[in-house]
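Quick notes on the structure that follows.
The values are calculated or read from the model by the stated rules, or taken from the named source; none is laboratory data. None of these values were measured; they are calculated from a predicted model. As a convention, Cβ positions derive from the backbone with ideal geometry for all residues, glycine included, and neighbour counts pool all protein chains shown.
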Amino acid sequence: MDSLTHALVAAILAYVLGFPHLLPFFVLGAVIIDADILFMLFSRHHPSLYLFIHGGIAHSLAGAVAISVLAYAGIMLATLAGPISPAVIAGAGPAGFAAVLAGAALHLAMDLPATPGIPLLAPFSDRKFSLFVLPGPSILLMAASLFFAIWLVLGVVTLAEGMAVYIAIFCAFLIVRAIAFGISRPALRGAMRAIPQPDPRWWLAISDRGDAWTVQEYRMGAGCSEAVAYPKYRNLSAAEAAPYLALPEVRRLQYHSYIVTAEKEGGTVLFSDPLRVSGRVFYPPHYRQVRVAAREPAAT
């Protein structure tokens, strides 16, 4: 989900749970995780650092704890330097850090239902975890959060006055998505993975047929379309492609992809995510293809 939605949900929860004095800390924890978008300034030049990207290591359990510690340490330093009043820290005490950490945990919990998932166990594993219920990000929810934030800034409503409407919209969004997921689930049961689309009635169902990936569109009320096959390997075998999978640039592509194909073209091997290359899936937008030099077969 987008940072604004994270901030609003954290602020509302702090208020509803009776911790208005900790609201800034909750919000800080809920949004600081998305500061990982700045990691791309250096990681894009170093494929081995592919986890240092938006939706990467900062969106793990270990990353959330580390960023919470750094964020709270930043508050302490700013207090000592003068920009932040000591009264802010004094009024919160140790609960301030707990609120930052809780906000970070809330961020992970809100991202978990969405595609393409988050690497909860990083840096020990780059496997992504997702419930595959929500598209990521949701334009509709982002728009609702933006309008609500504008109302708050303009003073049209206060948080206390307007949060009931926002909660209703947020819950309605989740309920519609959950119902669509429940209705569609039986038809998608045979798929290896089902990717939710912006329209809650529409899914992409991915299956593994051994030598090829097959993708079908499922629309509620219309059923599944004819399967489209994407051969995993062209002009090379799985064994020949295997050594390239350890290359940092290929691992980065795999991390961002739903499916990966390999095709040997002359002196190069092209690895691609055909779903994102063709535009059938937009997010994540980066690293859709990578071309590497072909290796000469080992002499026998």
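So which residues in region 177-193 are assigned to a helix (DSSP H, G or I) and surrounded by 13 or more Cβ atoms within 10 Å (Cβ to Cβ)? R177, A178, A180, F181, I183, S184, A187, L188 - these are the residues of region 177-193 that are assigned to a helix (DSSP H, G or I) and surrounded by 13 or more Cβ atoms within 10 Å (Cβ to Cβ). Scanning region 121-156 for residues that are within 10 Å of the chain's Cα centre (by Cα) and more than 15 Å from F173 (Cβ to Cβ) turns up K128, F129, S130. Checked against (1) of a type outside the set (G, A, S); (2) crowded, with 17+ Cβ neighbours inside 10 Å; (3) within 25 Å of F147 (Cα to Cα), I53 passes all but a single condition, namely (3).
Looking across region 222-278, the residues that are without any contact (Cβ under 8 Å) to a residue 40 or more places away in the chain and assigned to a helix (DSSP H, G or I) come down to A238, A239, A241, A242, L245, A246, L253, Q254, R276, V277.
Each residue in region 247-271 was checked for being at pLDDT 95 or above, more than 20 Å from the chain's Cα centre (by Cα) and of a type in the set (G, A, S), and 1 of them qualify. The lone criterion from (1) within 20 Å of I206 (Cβ to Cβ); (2) in contact with a helix residue (DSSP H, G or I) (Cβ under 7 Å, 6 or more places away or on another chain); (3) buried (at least 17 other Cβ atoms within 10 Å of the Cβ) left unmet by Y255 is number (2).
On the stretch given as region 45-85, residues that are part of a loop (DSSP other than H, G, I, E, B) and either touching a Phe, Trp or Tyr at 6+ places or on another chain (Cβ under 9 Å) or polar (S, T, N, Q) (or both) total 9.
You will find that of F147, F132, the residue that is outside the structural domain of Y258 (by TED's automatic domain parsing) and surrounded by 16 or more Cβ atoms within 10 Å (Cβ to Cβ) is F132 and no other. The residue that is surrounded by the most Cβ atoms within 10 Å (Cβ to Cβ), among those in region 21-43 that are farther than 24 Å from M142 by Cα and without any contact (Cβ under 8 Å) to a residue 24 or more places away in the chain, is S43. With respect to the conditions (1) of a type in the set (G, A, S); (2) modelled with pLDDT under 90; (3) within 17 Å of I12 (Cα to Cα), A144 lacks only one, and its number is (2). Selection within region 279-291: residues that are among the charged types (D, E, K, R) and in a loop (DSSP other than H, G, I, E, B). The member of this set that is farthest from the chain's Cα centre (by Cα) is R280.
Has region 138-155 got any residue that is in contact (Cβ under 8 Å) with a residue 60 or more places away in the chain and not in a helix (DSSP H, G or I)? Checked against the condition, which is being in contact (Cβ under 8 Å) with a residue 60 or more places away in the chain and not in a helix (DSSP H, G or I), region 138-155 yields at least one hit. For region 258-289, taking the residues that are acidic (D, E) and within 21 Å of R209 (Cβ to Cβ), the one that is surrounded by the most Cβ atoms within 10 Å (Cβ to Cβ) is identified as D273.
From the list I75, I57, I118, which one is among the β-branched types (V, I, T) and closer than 25 Å to F173 by Cα? Write out each step before concluding.
Working: I75 fails: closer than 25 Å to F173 by Cα; I57 fails: closer than 25 Å to F173 by Cα.
Of I75, I57, I118, the one residue that is among the β-branched types (V, I, T) and closer than 25 Å to F173 by Cα is I118.
If we scan region 160-170, do we find a residue that is loosely packed, with under 14 Cβ neighbours inside 10 Å and touching a residue at least 60 places away in the same chain (Cβ under 8 Å)? Taking every residue of region 160-170 in turn, at least one turns out to be loosely packed, with under 14 Cβ neighbours inside 10 Å and touching a residue at least 60 places away in the same chain (Cβ under 8 Å). Condition check for G221 on (1) touching a strand residue (DSSP E or B) at 6+ places or on another chain (Cβ under 7 Å); (2) surrounded by fewer than 17 Cβ atoms within 10 Å (Cβ to Cβ): one failure, at (1).
Here is the figure for region 224-246: residues that are under 26 Å from L51 (Cβ atoms) and surrounded by fewer than 17 Cβ atoms within 10 Å (Cβ to Cβ) total 5.
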